[in-house]
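The values are calculated or read from the model by the stated rules, or taken from the named source; none is laboratory data. All figures in this text were calculated on a predicted structure; none of them were measured in a lab. Because the Cβ atoms are built from the backbone with ideal geometry, glycine has one as well, and the counts that use them run over all protein chains shown.
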Amino acid sequence: MARRPVPGRRATFDAAPNIALVKYWGMRDVDRGLPFNSSLSVTLDRLRTRTSVRFDPALEADQFELNGVGLDGPPRAAVSRFLDRVRKAAGFESPAEVISTNNFQTASGLASSASGFAALAGAATAAAGLELSPRALSALARLGSGSASRSIFGGFVEWRAGVRPDGRDCYARPLYGPDHWPALTDVVALVEGAPEKSTRSAEAMQASVRTSPLYRRRQTAVPPRLARIRRAIRDRDAYLLFRLVIEECDEFRAVCESTDPPLDYLTDASREVLEAVDAMNAAAGRTIVGYTHDAGAHVHLFTLAADASRLRERLARIRGVARVLTLHPGPGARLVRIEG
Ligand code: PMV
């Protein structure tokens, strides 16, 4: 017999975006969301997605509201596909009302898909009365967006690619909490005119797998780099970390640019930010700032608290940098409340 949801129960969950220091880019199994390489990220403070879900048999179809606007088309379809998995696990078919707000600009490089699917996974399973361990919740979030698997946890998070075809050894795990390194600062340069993504990351990355001549070489470069980055975080070795983060970002960008057709996520302003960082590091004689970006135009600049104000002053001189955010490692996803 089909089960029914707890009528009227609304669950609300918070999750934050994360920025990858080692990028996930390409899946060995698209259906199971299994990546080719492991990745590592920092979950950020201050930014968050808050999502509430209520399953309601009286609804005709799923409803999805983002920042006060009801959405149809591909965004709602992606939410519905994700909810289908939750409904299947819970054993009922009721449509749901999903209300989501971001306290930051959606899309184009601030990883709203990571916080979005992490929050949706938490809210939907809680509303459905499912109790999942953080690891199981992360594995579910991964099926919405790979990077969402890391946003379940706070601080420094590794998503292990695993090798098993069934994916049982593929999971995200927290390495160090946000308090491990509070001085680590992420100064985010939000650039003007950052284009909305025209191709979803999930499709773009598979194009890189198929066509980038650099993709294979990257697969041998990532594991030792990830191990070095993990050790640099453990030892709070900032200048080593920043150097490796730049190396990783440059390789990710080279893979994107050598994809056919090329993937170019940066604007002139983003490029100017990267050049300004190179000049600052050259002048300092060591890597005092590490840059990275995801599949978007905004640039995340890692530095120590002591160098952050100098960096912000430099960014203020770049036309096309619309705003600067100063962020730190932050907490993982959490249940806010259950009503009804
Ligand atoms: O999680 P997705 O499908 O949005 O892909 C994320 C890809 C990158 O942000 C570029 C890298 C990463 O590991 O977050």
The listed residue being on the phi > 0 side of the Ramachandran plot and in contact with a helix residue (DSSP H, G or I) (Cβ under 8 Å, 6 or more places away or on another chain), out of 144, 129, 154: 129
Residue in region 223-275 that is surrounded by the most Cβ atoms within 10 Å (Cβ to Cβ), counting only those that are acidic (Asp, Glu) and within 21 Å of residue 201 (Cβ to Cβ): 248
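Which residues, taken from region 179-224, are basic (Lys, Arg) and not in a loop (DSSP other than H, G, I, E, B)?
Of everything in region 179-224, those that are basic (Lys, Arg) and not in a loop (DSSP other than H, G, I, E, B) turn out to be 210, 216, 217, 218.
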Condition met for residue 263 (assigned to a helix (DSSP H, G or I) and either assigned by TED's automatic domain parsing to the domain that holds residue 298 or away from the ligand (no atom under 15 Å from the Cβ) (or both)): no
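One line per residue, one yes/no per condition, for (1) surrounded by fewer than 24 Cβ atoms within 10 Å (Cβ to Cβ); (2) in contact (Cβ under 8 Å) with a residue 40 or more places away in the chain; (3) within 16 Å of the ligand (Cβ to nearest atom); (4) under 29 Å from residue 63 (Cβ atoms):
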site	(1), (2), (3), (4)
130	yes, yes, no, yes
143	yes, yes, yes, yes
147	no, yes, yes, yes
150	no, yes, yes, yes
156	no, yes, yes, no
165	yes, yes, no, no
170	yes, yes, yes, no
176	yes, yes, no, no
Residues located in region 159-198, provided they are more than 22 Å from residue 226 (Cα to Cα) and basic (Lys, Arg): 197
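Residues that are at pLDDT 95 or above and away from the ligand (no atom under 13 Å from the Cβ), at least 2 per element: which strands (runs of 3 or more DSSP E) completely within region 4-114 meet that?
Strands (runs of 3 or more DSSP E) meeting the threshold: 10-15, 27-29, 49-55, 63-66, 96-102.
It is to be established whether one or more residues within region 48-69 are under 30 Å from residue 244 (Cα atoms) and either surrounded by 15 or more Cβ atoms within 10 Å (Cβ to Cβ) or in contact with a Gly (Cβ under 8 Å, 6 or more places away or on another chain) (or both).
Yes - at least one qualifying residue is present in region 48-69.
Here are some residues: 296, 290. Which one is at pLDDT below 95 and surrounded by 17 or more Cβ atoms within 10 Å (Cβ to Cβ)?
Values: 290 fails: at pLDDT below 95.
One residue alone meets the criteria, 296.
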